[in-house]
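Some notes on the structure that comes next.
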Amino acid sequence: MATDTKIRDGGPATRRSASRRTSGEGAFKFLATAAGVVLLAIMAAIAVFLIAEAVPALRANKGGFFTDLVWEPNSSQVFGIGALAFGTVLSSGIALVIATPIAVGVALFISHYAPRRLAGPLGYLIDLLAAVPSVIYGLWGLAFLVPLLREPSRWLNEHLGWFPLFAGEGAIGGKTMLAGGIVLAIMILPIIAAISREVFLQVPRMNEEAALALGATRWEMIRMAVLPFGRPGVISAAMLGLGRAMGETIAVALIFPATFDISVQILTPHGNSIAANIANGFGEATPVGRGALIASGLVLFVITLLVNMAARMIINRRKEYARAGA
C-alpha cells in the first residue's frame with residue numbers, strides 16, 4: 001500500500017518513468033534533427049560536386065549552353081541544353097497527364113468501390129508494379145509498344161493533324177515522344193496510385209457518413225468529402241511521380257531516337273531527355289564531354305528542386321485555405 005501511495009502521489013517510480021520518457025524524447029529529437037541535417041548535407045554535397053565538375057566544361061563551351069540545339073562537346077565543344085530540357089519536360093508532362101487520372105481512379109476504386117477480397121490483392125499488385133526495374137519497362141516499350149503505336153499514330157495524324165501535338169509530315173509512330181511518355185506513365189502510375197490510395201483511406205469516416213446521411217450518392221460523397229481531403233496528398237504523389245519521370249534513364253534511352261531538336265509533334269521520330277543523353281554519352285565522352293553531361297545533370301537537379309518546391313507551395317497554400325475555411 002505504501003508503494004502504491006508513492007506511485008499515485010508522484011513517488012520515485014513515477015519520477016523514474018518521467019525521466020525515461022524525457023530521455024527517450026530527447027534522443028528521438030536528436031536523431032530526427034541529425035537525419036535532417038545529414039540529408040541537407042548530402043544535397044549540398046551533390047550540388048557542390050555538380051557545379052565543380054560543370055564549370056570547366058561551361059568555360060570551354062563555344063556556344064550557348066541554354067540556347068543551342070547542338071550537342072557536340074567531344075568534337076567541336078559546342079553544346080546546348082535547350083533541346084534536352086525541352087524533351088525532359090515534354091515527356092514527363094505527357095506521362096503525368098496520362099498517369100494521374102488513371103492512378104487516382106485506381107486508388108478510388110481500391111479504397112471505396114472494390115470488395116475487400118479484391119481490394120487487398122489489387123493493392124499488393126500496384127505495390128509490386130512500383131518495384132519493377134525500369135529496364136524491364138524500357139524493353140517492353142521497345143519490343144511491344146513501339147510497333148503497336150505505328151497504326152494509331154497514323155490515325156491520329158490523319159484525323160487530328162490540325163492539332164500541333166499530332167501534326168507532322170509522315171508521322172509514323174515508332175520511337176517517338178508519345179511512346180516515351182506512355183512508358184513513363186506506366187512507370188509512375190503505381191507510385192501515384194499507391195500514395196493516393198493511402199491518402200483516401202485516411203479520410204475521416206465521419207465525413208463520409210455525414211455526406212451519405214444528407215442524401216449524397218457515393219460519387220457525390222467522394223467529390224465532396226474524399227477528394228478535397230486527399231487533394232494535397234494527390235498533388236504530392238503526382239510530383240513524386242513527375243520527379244521519377246524526369247530522372248528516368250534506361251527506359252527512355254531505349255525508346256527515344258536521341259535527336260537534338262525542339263518540336264511539340266509527339267508522333268514524329270524525334271526526342272531526347274537529359275537523363276537519356278547522359279546514359280548514352282557518358283561512356284565515350286572526353287573530359288569536356290563528361291563535364292558537359294554533368295552540367296546537364298546540374299540543370300536536371302535544379303529543375304527537380306523547382307518542381308518539388310512548387311508542389312510544396314501549392315500544398316501549403318491549400319492547407320492555409322482549409323484552415324481559413326474551418
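What's the extension gain from Lys29 to Leu139 if we count 0.36 nm per residue and subtract their Cα-Cα distance? It would help to have the intermediate numbers written out before the result.
Working: separation 110, 0.36 × 110 = 39.60 nm, distance 4.55 nm.
Using 0.36 nm per residue and subtracting the Cα-Cα distance, I get 35.0 nm.
Starting from the Cα gyration tensor of region 65-147, take the square roots of the eigenvalues, sort them a ≥ b ≥ c, and report rounded, prolate or oblate (rounded when a/c is under 1.5, otherwise prolate if a/b is larger than b/c, else oblate). Please report the intermediate quantities before stating the final value.
Working: a/c = 3.91, a/b = 2.54, b/c = 1.54.
Prolate.
Using a Gaussian network model of the chain with C-alpha springs under 10 Å, which one of Gly174, Gly24, Gly93 is most mobile by mean-square fluctuation?
Gly24
Quick one: pull the percentage of alpha-carbon pairs in region 199-326 with a separation above 21 Å. List each step's numbers first, then the result.
Numbers: 4844 of 8128 pairs.
In whole percent, the share of Cα-Cα pairs in region 199-326 beyond 21 Å is 60.
What 222 nm value per residue comes from the helices of the chain, counting each DSSP H run with n ≥ 4 as -39,500 (n - 2.57) and dividing by all residues, nearest 500 deg cm²/dmol? Each step should come with its number before you reach the end.
Numbers: 13 runs with 228 residues, N = 326.
Estimated from H runs of four or more residues: -23500 deg cm²/dmol.
For region 46-174, what % of the accessible area comes from carbon and sulfur atoms, probe 1.4 Å? Mind showing how you got there, number by number?
On the way: 5150 of 7250 Å².
After summing per-atom areas, the C and S share lands at 71 percent.
Starting from the alpha-carbon convex hull of region 33-83, give the projected area averaged over all orientations, in nm². Intermediate results must be reported in sequence, preceding the final value.
On the way: hull surface 17.2 nm².
Over every viewing direction, the Cα hull of region 33-83 projects on average to 4.3 nm².
Under a 5 Å amide H to amide H cut-off, with H placed in plane at 1.01 Å, what residues pair with Val78 once short-range neighbours are removed?
Result for Val78 returns Lys62, Glu72.
How do 240-251, 68-79 rank on mean C-beta neighbours within 10 Å, highest first? Display every interim value, and only then the final one.
Values: 240-251: 21.7, 68-79: 17.7.
Highest-to-lowest ranking by the protection proxy: 240-251, 68-79.
Name the shape class, rounded, prolate or oblate, that the alpha-carbon gyration tensor gives for the chain, where a ≥ b ≥ c are the square roots of its eigenvalues, rounded holds for a/c under 1.5, and otherwise prolate holds if a/b is larger than b/c and oblate otherwise. Walk me through the intermediate numbers first.
Details: a/c = 2.65, a/b = 1.45, b/c = 1.82.
Because a/c hits 1.5 or more and a/b fails to exceed b/c, the chain counts as oblate.
Any idea of Tyr113's accessible area? Nearest 10 Å², probe 1.4 Å.
We get 100 Å² for Tyr113.
For the chain, what is the relative contact order in percent, using Cα pairs closer than 8 Å and at least 6 residues apart in sequence? Show your work: numbers first, answer last.
Values: 436 pairs, mean separation 80.6, N = 326.
In percent, rounded to a whole number, it is 25.
Most fluctuating residue of Ala213, Ala279, Ala54 in a GNM of the chain with Cα springs under 10 Å: which is it?
Comparing Ala213, Ala279, Ala54 in a Gaussian network model of the chain, the most mobile one is Ala213.
Spin-label point model (7 Å from Cα, Cβ direction): what's the Leu160 to Thr217 distance in nm?
Spacing of the two 7 Å Cα→Cβ label points: 2.7 nm.
Need one number: the % of Cα-Cα pairs in region 138-281 sitting beyond the 25 Å mark. Before the final figure, lay out the partial values.
Numbers: 4764 of 10296 pairs.
Every Cα pair in region 138-281 considered, those over 25 Å come to 46 percent.
The values are calculated or read from the model by the stated rules, or taken from the named source; none is laboratory data. If you're wondering where the values come from, they're calculated on a predicted model, not measured in any experiment. When we count neighbours, we look across all protein chains shown, and the Cβ atoms used for this are built from the backbone with ideal geometry, even at glycine. We work out accessible area using only protein heavy atoms, side chains counted, and drop any ligands, DNA or RNA first. Shrake-Rupley method; radii C 1.70, N 1.55, O 1.52, S 1.80 Å.
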